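**Student:** So that we are looking at the same thing, I have put the structure below in structure tokens.
The values are calculated or read from the model by the stated rules, or taken from the named source; none is laboratory data. The structure presented is a predicted model; accordingly, all values stated were derived computationally and were not measured. Cβ: placed from backbone, ideal geometry, glycine included. Neighbour counts: every protein chain shown.
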Amino acid sequence: MAISLDGQVAIVTGAGRGIGRAIALDLAKHGAKLVIDDIGVGLDGRGGDESVAGAVVAEIEAMGGEAIGSIADVAQYDAGYDLVKAAVDRWGRVDIVCSNAGFLRDRALHNMSQDEWQGIIDTHLTGAFNLLRHAWPVFRQQSYGRVVLTTSNAGYLGNFGQANYGAAKAGLVGLMNVAKLEGARYNVMVNCLGPAAVTRMTESLIPAERQANMGPELVAPAVTYLCSPDNTSSGMIIEAGRNHFGRVATIRAPGIDLEHATADDIAAHWNEITSLEGAAVHWSIGQKLDDYLSERAAAGS
């Protein structure tokens, strides 16, 4: 059966350009109604252009879809409330949240200012919290929700000169890992997207010879699936781009037990401590993912 979002209402932040715009258009193509949020800032998060969100609304309406625009600044706590209220006032519900808003203020760690650090954290990480915090009561009441948080390999792998961006993007993985637990009983699936796409933020960072097949529209289908009722997976990091889709996961190795260990004992057993043989993906601190999935299957959920 074809993926359908008919009757679904989505909020997409950072939806005026690049990956966010591509996500919004693909969600609309599959039937979703959308709140398009974008304050139209420059690459460094400064300035603003109120026409950016409206242009995407016009594109969706030209497709025969429904959308409203917003210039709420997700770095502000009340913006999350305003976005959820706009969706509920217009369509009576919120089913999908895609937190994608962001910008860059790259600087080597020893030169980074507090403003360069805090501005990135406020929009990428706190912005996602502000939106989820206000969408969550709606999800719980509906017993349904789908969330995609845009992370980055700068967070889960690292990239020189992006301590602020990497920390924020890694923080989104931590937010996902808690939200997936809190949302499980309410049929709220929370996942992360690790995109690889040429946008105005990345075009100067990606060599020209590698930019083929890296349009943001090639990322969007993964998000549409994750946002659909067909998706029952939660806690995943899905990489998408260059016509490639794959999963990234944190694993926990068995390690070894050392009673009353000293630093010398750690040194002597370092290879055993750091061996990944027998490592597994976990659902939570105390449960392996395979065990959780088996329990869920047995419960018929």
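**Student:** Only residues that are in a loop (DSSP other than H, G, I, E, B) and closer than 24 Å to A10 by Cα: list them for the stretch 152-194, please.
**Tutor:** Once the filter is applied, which keeps residues that are in a loop (DSSP other than H, G, I, E, B) and closer than 24 Å to A10 by Cα, the stretch 152-194 yields S152, N187.
**Student:** Ok, one more. If you check I60, I71, which single one turns out to be under 15 Å from G14 (Cβ atoms) and either among the hydroxyl-bearing types (S, T, Y) or modelled with pLDDT of 95 or more (or both)?
**Tutor:** Unique residue meeting the criteria: I71.
**Student:** Has the stretch 237-256 got at least one residue that is surrounded by 14 or more Cβ atoms within 10 Å (Cβ to Cβ), touching a His at 6+ places or on another chain (Cβ under 8 Å) and among the charged types (D, E, K, R)?
**Tutor:** Within the stretch 237-256, none of the residues are surrounded by 14 or more Cβ atoms within 10 Å (Cβ to Cβ), touching a His at 6+ places or on another chain (Cβ under 8 Å) and among the charged types (D, E, K, R).
**Student:** Name the residue that is modelled with the highest pLDDT, counting only residues in the stretch 200-233 that are more than 25 Å from V190 (Cα to Cα) and outside any loop (DSSP other than H, G, I, E, B).
**Tutor:** So the residue we want is R210.
**Student:** At pLDDT below 95 and in contact with an Asp or Glu (Cβ under 7 Å, 6 or more places away or on another chain) - does that describe any residue in the stretch 40-52?
**Tutor:** For the stretch 40-52, residues at pLDDT below 95 and in contact with an Asp or Glu (Cβ under 7 Å, 6 or more places away or on another chain): present.
**Student:** Another question, if that's okay. Can you work out which of the residues in the stretch 269-301 that are of a type in the set (D, E, K, R) and not in a helix (DSSP H, G or I) is surrounded by the most Cβ atoms within 10 Å (Cβ to Cβ)?
**Tutor:** If we take residues in the stretch 269-301 being of a type in the set (D, E, K, R) and not in a helix (DSSP H, G or I), then K288 is surrounded by the most Cβ atoms within 10 Å (Cβ to Cβ).
**Student:** Anything in the stretch 90-137 that is among the aliphatic types (A, V, I, L, M) and either buried (at least 24 other Cβ atoms within 10 Å of the Cβ) or not in a loop (DSSP other than H, G, I, E, B) (or both)? List them, or say none.
**Tutor:** V94, I96, V97, A101, L109, I120, I121, L125, A128, L131, L132, A135
Matching residues to (1) charged (D, E, K, R); (2) under 25 Å from C227 (Cβ atoms):
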{"position": "H244", "(1), (2)": "no, yes"}
{"position": "I256", "(1), (2)": "no, no"}
{"position": "D265", "(1), (2)": "yes, no"}
{"position": "L293", "(1), (2)": "no, yes"}
{"position": "A297", "(1), (2)": "no, yes"}
{"position": "G300", "(1), (2)": "no, yes"}
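**Student:** Take the residues in the stretch 234-259 that are assigned to a strand (DSSP E or B) and in contact with an Asp or Glu (Cβ under 8 Å, 6 or more places away or on another chain); name whichever of them is farthest from I3 (Cα to Cα).
**Tutor:** Across the stretch 234-259, the extreme among qualifying residues is V248.
Residue by residue, here is whether (1) small (G, A, S); (2) not assigned by TED's automatic domain parsing to the domain that holds S152 holds:
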site	(1), (2)
S234	yes, no
I238	no, no
N243	no, no
S284	yes, yes
Q287	no, yes
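**Student:** Also: With the requirement that a residue be out of contact with any helix residue (DSSP H, G or I) (no Cβ under 6 Å at 6 or more places or on another chain) and not aliphatic (A, V, I, L, M), what does the stretch 140-155 give you?
**Tutor:** Scanning the stretch 140-155 gives Q141, Q142, Y144, R146, T150, N153.
**Student:** Hey, can you tell me all the residues within the stretch 1-57 that are of a type in the set (D, E), crowded, with 23+ Cβ neighbours inside 10 Å and in a loop (DSSP other than H, G, I, E, B)?
**Tutor:** D38, the sole residue that qualifies.
**Student:** State whether the residues of the stretch 260-268 include one that is aliphatic (A, V, I, L, M), part of a helix (DSSP H, G or I), modelled with pLDDT of 95 or more and in contact with a Gly (Cβ under 9 Å, 6 or more places away or on another chain).
**Tutor:** Looking through the stretch 260-268, none of the residues is aliphatic (A, V, I, L, M), part of a helix (DSSP H, G or I), modelled with pLDDT of 95 or more and in contact with a Gly (Cβ under 9 Å, 6 or more places away or on another chain).
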